[in-house]
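Enquirer: Take a look at the following structure, please.
The values are calculated or read from the model by the stated rules, or taken from the named source; none is laboratory data. These numbers were taken from a predicted model, which means no experiment stands behind them. Virtual Cβ from ideal backbone geometry, glycine too; neighbours counted across all protein chains shown.
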Amino acid sequence: MHRRLEVAVAHVFMRHLRALHSLGPANNDHLSALRVAVSVAVPSLVLLVFGRPELIIYAVFGALTGMYGRSEPHQLRLRHQLQAALVLLSGVGVGVFLSVNQLHSWRLVGIEALLAGAGSVYSDKVRLKPNGPFFGILALGACASVPAVVPWYVALLISAGSAAFSLLVGFSGWVRRRTWSDGAVRESARLRGRLRRKAVIHAARYVVAVGAAGTIGVITGSGHPHWAMAAAAVPLAGADLPSSVHRGLHRIMGTFLGLVVVAVVLLPAPWAPSQFLPGAEAAVLALLVIIFQFTTELFMTRHYGLAMVSFTPVILLMTQLAAPADPYVLIAERGVETVVGAVIGILVVVFIRARRGPVPLASAAGLP
């Protein structure tokens, strides 16, 4: 009996290990990556020209609207990007509100956990892809963690303007082709009653995982508990238990490789903590954020771990632009919080399950 159990565990481990080295099929990923890169680049460069690189964090989260509806017809992409913009702008708005009023620690954990559950219900209802509220709660935590150096409405307007530009970029292909798929709809779900019950279970997972990860972060004195909360949400977007475990492992491995990239960028240079970075250094980091966002989207649906190698620098570099900190502390906390959050997310998926199988509301291809 023990021998068979050991063989089964070894088989599962090797399957997860092989998944770390396999790429999914390509699907015009370079076009989607280019759309997102342009959506991020234009508002970021505008802020850079005006000497306000610390505000790029708000522009980037608005520009992430372009990550949604990547392979859909134009009218569907427009509709679903509008729905995604609501999630992202809600996260930015709540995060800026918490920052302005200096509501951190336990209040941040409670609010982010509750909004993760609400965002899960909304995302499942409108069938967002990438699925789940991941980017919304990431925006909330990130914006709450940096000091508000402009009035709240300015930060929200920057994010909203960036989202609007992303919508224009996403719809720009229609001007060239002028094609419109009449009646194009995303596949609708049947069995509303059963799906509603599964949506509630799915939302409960988010509340428990995000809340538990944030609680551990606060208790241990982490300066960035929202990173653990975001990492805890990652496995929950898996379509089933194996894919959830894959996502958690990809998150950890991709983040640690991404931290090596961050170390190469930040540690050799004199990025001394101060209120703002000098102009030349800020410009370098801003340009790197744009480049890394392009490579993130290039691999987002093909290999989540590779996407995290690029997305980790995006998050840390724009955080450094908004609120410069000791790079050693920044890198260490990102690594620890990612492991804590991903492990908690996997455990929640294992122990909180629907009676009749996994929650089929997420797609393995819809990666947050």
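Enquirer: Please go through the stretch 115-141 and pick out each residue that is touching a residue at least 60 places away in the same chain (Cβ under 8 Å) and either under 13 Å from Leu55 (Cβ atoms) or among the β-branched types (Val, Ile, Thr) (or both).
Expert: Those that are touching a residue at least 60 places away in the same chain (Cβ under 8 Å) and either under 13 Å from Leu55 (Cβ atoms) or among the β-branched types (Val, Ile, Thr) (or both): Val121, Ile137.
Enquirer: Please work out which one of (1) closer than 21 Å to Ala228 by Cα; (2) in contact with a helix residue (DSSP H, G or I) (Cβ under 7 Å, 6 or more places away or on another chain); (3) surrounded by fewer than 24 Cβ atoms within 10 Å (Cβ to Cβ); (4) modelled with pLDDT of 90 or more is the condition Ser105 fails and give its number.
Expert: Failed condition: (4).
Enquirer: Tally time: how many residues in the stretch 1-53 are modelled with pLDDT of 60 or more and more than 29 Å from Gly69 (Cα to Cα)?
Expert: Adding up the residues that qualify gives 4.
Enquirer: Which of (1) crowded, with 19+ Cβ neighbours inside 10 Å; (2) modelled with pLDDT under 95; (3) in a helix (DSSP H, G or I) is the odd one out, the single condition Ala283 does not satisfy?
Expert: (1)
Enquirer: State whether the residues of the stretch 41-61 include one that is among the polar types (S, T, N, Q) and either without any contact (Cβ under 8 Å) to a residue 24 or more places away in the chain or in contact with a Phe, Trp or Tyr (Cβ under 9 Å, 6 or more places away or on another chain) (or both).
Expert: No - not one qualifying residue is present in the stretch 41-61.
Enquirer: A further question follows. Which of the helices (runs of 4 or more DSSP H) contained wholly in the stretch 147-258 include at least 2 residues that are at pLDDT 95 or above and more than 23 Å from Ser310 (Cβ to Cβ)?
Expert: Helices (runs of 4 or more DSSP H) meeting the threshold: 152-177, 192-219.
Enquirer: Inside the stretch 286-304, can you point out the residues that are more than 15 Å from Ala41 (Cβ to Cβ) and either touching a Phe, Trp or Tyr at 6+ places or on another chain (Cβ under 6 Å) or surrounded by fewer than 21 Cβ atoms within 10 Å (Cβ to Cβ) (or both)?
Expert: Arg302, His303
Enquirer: Over 15 Å from Ala233 (Cα atoms) and under 18 Å from the mean Cα position of the chain (by Cα): which single residue out of Leu114, Leu108 fits that description?
Expert: Leu108
Enquirer: A further question on this structure: Of the residues in the stretch 292-342, how many are under 17 Å from the mean Cα position of the chain (by Cα) and part of a helix (DSSP H, G or I)?
Expert: Result for the stretch 292-342: 32.
Enquirer: A further question on this structure: Any idea which residue in the stretch 61-97 is surrounded by the fewest Cβ atoms within 10 Å (Cβ to Cβ), counting only those that are assigned to a helix (DSSP H, G or I) and basic (Lys, Arg)?
Expert: Applying the filter and picking the extreme gives Arg79.
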